[in-house]
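Colleague: Structure below; questions to follow.
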Amino acid sequence: MAPGPDPALTGRRFVVTAGGTREPIDAVRFVGNRSSGKMGNEIALAALRQGATVTLVTAAPPPASQPGLDVVQVETADEMHRAVRAALRGADVLVMAAAVADWRPREAAPGKLKKGAAIFTLELVPTVDILRALRDDDAAAGVLRVGFAAETERVVEHARTKLVEKQLDLIVVNDVSKPGIGMGADDNEVTVIDRDGAAQVIDRAPKATVADAIVRIIATHLP
């Protein structure tokens with residue numbers, strides 16, 4: 001049974017990101033990833049169930065409209081960065097569950113590129129690292145910041161490194177190489193690590209159940 005409202009979350013506002021960003025190559029093609037947005041959506045719904053209001057910044061189809069949920073649709077990493085900064089005013093928690101594309105084409109063609117030569121070279125440049133960009137951004141001052149890491153090897157080690165580099169309060173990591181809990185799956189299994197290095201394992205379960213557990217942990221870290 002899903003938990004009811006948590007007094008620690010009453011009157012709190014979450015900003016949650018979801019989905020995989022799409023970085024345009026031309027008018028019809030893009031660079032992206034396999035993220036479905038399911039985990040981010042479930043985090044948003046779990047926060048609502050537990051008493052918070054939520055702004056969901058998403059590059060994927062959102063949950064059905066409901067009281068307390070404000071949805072901002074975006075497509076690219078730059079659009080998500082701008083939307084997150086705008087949404088953070090007055091927020092208590094940022095949960096970056098989105099799988100933001102790491103690279104984008106240097107230039108996007110305004111129309112559809114036609115098939116021509118057998119080899120097509122695409123020059124890629126890094127996208128904005130949203131959490132890193134927010135480290136010293138006044139927009140994120142006082143906001144509890146939660147990152148996500150999808151890893152395939154040395155999972156906890158890499159997550160701890162990201163937590164320190166991006167100055168996060170918590171990081172949620174899963175091993176997407178495991179069958180049944182990768183991108184697009186209905187289940188997940190994660191480890192939540194805090195700034196003191198303490199780690200809590202949330203065993204494999206439907207993503208809604210995992211999301212409820214993550215939000216309960218977040219609630220314990222709020223001032």
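The values are calculated or read from the model by the stated rules, or taken from the named source; none is laboratory data. Computed from a prediction, not measured in an experiment: that's the story for all the values here. All Cβ positions, glycine included, derive from the backbone under ideal geometry; neighbour counts span all protein chains shown.
Colleague: Quick test of your reading of the structure: A213 fulfils all but one of (1) part of a strand (DSSP E or B); (2) under 18 Å from A44 (Cβ atoms). Name the failing condition by number.
Modeller: If we test A213 against (1) part of a strand (DSSP E or B); (2) under 18 Å from A44 (Cβ atoms), just (1) comes out false.
Colleague: Can you find a residue in the stretch 126-136 that is over 15 Å from the mean Cα position of the chain (by Cα) and farther than 29 Å from R106 by Cβ?
Modeller: The answer is no; no qualifying residue exists.
Colleague: Oh, and also: Right, V156: crowded, with 18+ Cβ neighbours inside 10 Å and outside any loop (DSSP other than H, G, I, E, B) or not?
Modeller: Taking the combined requirement at face value, the residue does not satisfy it.
Colleague: Residue by residue through the stretch 2-25, note down the ones that are among the acidic types (D, E) and under 21 Å from A59 (Cβ atoms).
Modeller: E23
Colleague: Kindly indicate whether A8 is among the small types (G, A, S) and closer than 24 Å to G180 by Cα.
Modeller: no
Colleague: Please tell me if T161 is assigned to a helix (DSSP H, G or I) and either crowded, with 16+ Cβ neighbours inside 10 Å or among the β-branched types (V, I, T) (or both).
Modeller: Yes, satisfied.
To keep it simple, each residue is scored yes or no on (1) assigned to a strand (DSSP E or B); (2) not acidic (D, E).
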position: P3; (1), (2): no, yes
position: V15; (1), (2): yes, yes
position: D26; (1), (2): no, no
position: N33; (1), (2): no, yes
position: N41; (1), (2): no, yes
position: L48; (1), (2): no, yes
position: V57; (1), (2): yes, yes
position: P63; (1), (2): no, yes
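A quick yes/no check of all residues on (1) closer than 19 Å to V210 by Cα; (2) modelled with pLDDT of 95 or more; (3) of a type in the set (S, T, Y):
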residue: A44; (1), (2), (3): yes, yes, no
residue: G68; (1), (2), (3): no, yes, no
residue: M80; (1), (2), (3): no, yes, no
residue: R85; (1), (2), (3): no, yes, no
residue: L113; (1), (2), (3): no, no, no
residue: L122; (1), (2), (3): no, no, no
residue: V125; (1), (2), (3): no, yes, no
residue: V155; (1), (2), (3): yes, no, no
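Colleague: Identify all residues within the stretch 84-97 that are part of a helix (DSSP H, G or I) and among the basic types (K, R); write none if there are none.
Modeller: Within the stretch 84-97, R85 is the sole residue that qualifies.
Colleague: Continuing with this model, one more query. Which residue is modelled with the highest pLDDT, if the candidates are limited to the stretch 1-10 and must be farther than 11 Å from L48 by Cα and surrounded by fewer than 12 Cβ atoms within 10 Å (Cβ to Cβ)?
Modeller: Top of the filtered list is P7.
Colleague: Within the stretch 53-74, identify whether any single residue is surrounded by 23 or more Cβ atoms within 10 Å (Cβ to Cβ), under 19 Å from G182 (Cβ atoms) and either small (G, A, S) or more than 11 Å from the chain's Cα centre (by Cα) (or both), and answer yes or no.
Modeller: Looking through the stretch 53-74, at least one residue is surrounded by 23 or more Cβ atoms within 10 Å (Cβ to Cβ), under 19 Å from G182 (Cβ atoms) and either small (G, A, S) or more than 11 Å from the chain's Cα centre (by Cα) (or both).
Colleague: Right, next: Taking the stretch 98-141 only, how many residues are surrounded by 10 or more Cβ atoms within 10 Å (Cβ to Cβ) and not in a helix (DSSP H, G or I)?
Modeller: Of the residues in that region, 22 qualify.
Colleague: Considering each of S65, S35 in turn, give the residue that is in contact with a strand residue (DSSP E or B) (Cβ under 8 Å, 6 or more places away or on another chain) and without any contact (Cβ under 8 Å) to a residue 12 or more places away in the chain.
Modeller: Only one candidate qualifies: S65.
Colleague: I've got another one for you. Yes or no: G11 without any contact (Cβ under 8 Å) to a residue 60 or more places away in the chain, over 25 Å from N174 (Cα atoms), touching a helix residue (DSSP H, G or I) at 6+ places or on another chain (Cβ under 9 Å) and part of a loop (DSSP other than H, G, I, E, B)?
Modeller: no
Colleague: Out of the stretch 75-125, which residues are free of Cβ contacts under 8 Å to residues at least 60 places away in the same chain and closer than 19 Å to G147 by Cα?
Modeller: The answer is T76, A77, D78, E79, H81, R82, A83, R85, A86, R89, D102.
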